[in-house]
Amino acid sequence: MTLHIIGIGLGDEQDITLRGLNTVKKCYKVYLETYTSKLNCDIPKLEELYGKKIIPANRELVEKKAELILNDAKGSDIAFLVVGDPMSATTHLDLMMRAKEKGIAVDVIFNASIMTAVGLTGLELYKFGKTTSIPFPTQSFNPETAYEVIKMNKANGLHTLILLDLRPEQDKYMTVNQAISILLGIEDKRKEKVFNEDTLIVGCARLGNNDYRIKSGTVQELMNKDFGKPLHCLVVVGNLHFMEEEALKQWK
């Protein structure tokens, strides 16, 4: 029948759209993708509102055993729920393309994402450059991609949104403080003055939730600030319009 890929927003069970909720209620099975973001309420709260049993879908199921989901969608309406917006992660695009290859109809229902919620900082969305991410470093994997992206965006006067790694199965979520430490480590190695203690940044936590936290200042000012519970993200500020300067003052 149809694979419905549905964004459920950044907050709690109430953030799903009316169209999304009505679609979920008619579906035979409801999967919840659990590895690209963090649900800010308990699954039973979703089940109570939706009137459906929720099947958690980890990375292995979605990326390696997607046939299980797609086979369901051949004969029934299936919902695939995504925290935030469904098209913000390439893994969801891959699922959509695989469904279409099998002749399965796909319906995408959009919602809010971190890519738009970051506008709450007061930085103008159209002045953001390429978005990047910072993974948890290991001995064999310690990329400097985020540093390179910041360098490129700053050269063009643009802000950089940095998404921080998460490993929900280990209850491990990168903090703003850890991200700052990683970037300072790369700066110490490369010494290109891309990210140092005087760099203007904005640290954000739980955007889209009522208990969100935003702090702006230099790296030195924010490196030891407590941003509380996950999820966190970091913005490296580019050239500022005077309205942006005024907006950032509220988060000092």
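For I8, the test of being within 19 Å of R167 (Cα to Cα), among the β-branched types (V, I, T) and in contact (Cβ under 8 Å) with a residue 24 or more places away in the chain is failed.
Hey, among D72, D85, which residue is closer than 26 Å to R167 by Cα and surrounded by 13 or more Cβ atoms within 10 Å (Cβ to Cβ)? Residue meeting the stated conditions: D85.
Selection over the stretch 94-113 of residues that are in contact (Cβ under 8 Å) with a residue 12 or more places away in the chain, among the charged types (D, E, K, R) and closer than 21 Å to E60 by Cβ gives a count of 3. Please determine whether any residue of the stretch 117-125 is more than 21 Å from Q14 (Cα to Cα), in contact with a strand residue (DSSP E or B) (Cβ under 6 Å, 6 or more places away or on another chain) and modelled with pLDDT of 95 or more. Scanning the stretch 117-125, I find at least one residue that is more than 21 Å from Q14 (Cα to Cα), in contact with a strand residue (DSSP E or B) (Cβ under 6 Å, 6 or more places away or on another chain) and modelled with pLDDT of 95 or more, so the answer is yes. Scanning the stretch 133-147 for residues that are surrounded by 13 or more Cβ atoms within 10 Å (Cβ to Cβ) and either among the hydrophobic types (A, V, I, L, M, F, W, C) or on the phi > 0 side of the Ramachandran plot (or both) turns up I134, F136, A146. Each residue in the stretch 91-111 was checked for being outside any strand (DSSP E or B) and either more than 14 Å from the chain's Cα centre (by Cα) or at pLDDT 95 or above (or both), and 14 of them qualify.
Quick one: is K130 in a helix (DSSP H, G or I), modelled with pLDDT of 95 or more, of a type outside the set (S, T, Y) and surrounded by fewer than 20 Cβ atoms within 10 Å (Cβ to Cβ)? So K130 fails the test. Counted as qualifying within the stretch 1-90 are no strands (runs of 3 or more DSSP E), as none has 3 or more residues that are outside the structural domain of V108 (by TED's automatic domain parsing) and at pLDDT below 95. Could you tell me whether any residue of the stretch 46-63 is more than 14 Å from the chain's Cα centre (by Cα) and in contact (Cβ under 8 Å) with a residue 60 or more places away in the chain? Yes, the stretch 46-63 contains a residue that is more than 14 Å from the chain's Cα centre (by Cα) and in contact (Cβ under 8 Å) with a residue 60 or more places away in the chain.
The values are calculated or read from the model by the stated rules, or taken from the named source; none is laboratory data. The structure presented is a predicted model; accordingly, all values stated were derived computationally and were not measured. Every residue, glycine among them, receives a Cβ derived from its backbone with ideal geometry; neighbour counts consider all protein chains shown.
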